[in-house]
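All remarks here apply to the structure that follows.
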Amino acid sequence: MQQVILETGWLKSEHLMSKNNLFGFRTKQYLSFKDWESSVEHYKAWQFKRLREDDRDYYKVLERIRYGAPGYVAHLKKINWSQDCDSSLVSSDEHGSDSASNTIMAEAFNPGDAEKKVESADQ
């Protein structure tokens with residue numbers, strides 16, 4: 001989730017969000033996905049190609065493969081977010097308050113409960 005936050009600016013990047021590209025994947029241009037779930041599936045496949053059986057610290061994996069610009073991992077570590085869906089949605093004004101962004105964040109934390117979480121946050 002820290003990578004999604006960093007790459008999309010708390011899900012506010014119109015350029016990446018219009019492409020459903022949560023992780024900033026690109027070749028010569030940013031990739032486009034049919035929906036945000038496809039972006040997550042692409043990232044999962046990308047990870048499986050690079051992860052080793054003995055990997056225990058994902059930050060170290062990113063450093064090992066030289067992911068992102070210099071200092072990328074340090075920037076990730078500075079991102080403060082909560083896995084508690086209710087509190088992340090309540091504080092959404094600070095990080096983007098549109099319903100689609102809230103649904104993405106809610107599903108990332110509790111798949112299947114997203115609609116319930118978004119509805120309760122809106123009340």
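The values are calculated or read from the model by the stated rules, or taken from the named source; none is laboratory data. What you are looking at is a predicted structure, and each value in this text was computed from that prediction instead of being measured. We place every Cβ from the backbone using ideal geometry, glycine too, and count neighbours over all the protein chains shown.
Observations
- Top-ranked residue of region 1-13 - restricted to ones that are in contact (Cβ under 8 Å) with a residue 40 or more places away in the chain and either among the basic types (Lys, Arg) or in a loop (DSSP other than H, G, I, E, B) (or both), ranked as surrounded by the most Cβ atoms within 10 Å (Cβ to Cβ): Leu11
- Options Glu115, Glu94, Glu107: the member that is part of a helix (DSSP H, G or I), farther than 15 Å from Leu11 by Cβ and at pLDDT below 90: Glu115
- Of all the residues in region 14-29, those that are under 19 Å from Tyr72 (Cβ atoms), at pLDDT 95 or above and surrounded by fewer than 16 Cβ atoms within 10 Å (Cβ to Cβ) number 0.
- Residue identified as aromatic (Phe, Trp, Tyr) and either in contact (Cβ under 8 Å) with a residue 24 or more places away in the chain or closer than 24 Å to Arg64 by Cα (or both) among Phe25, Phe33: Phe25
- Any hit, region 21-28, residues being more than 15 Å from Gln2 (Cα to Cα) and among the aliphatic types (A, V, I, L, M): no
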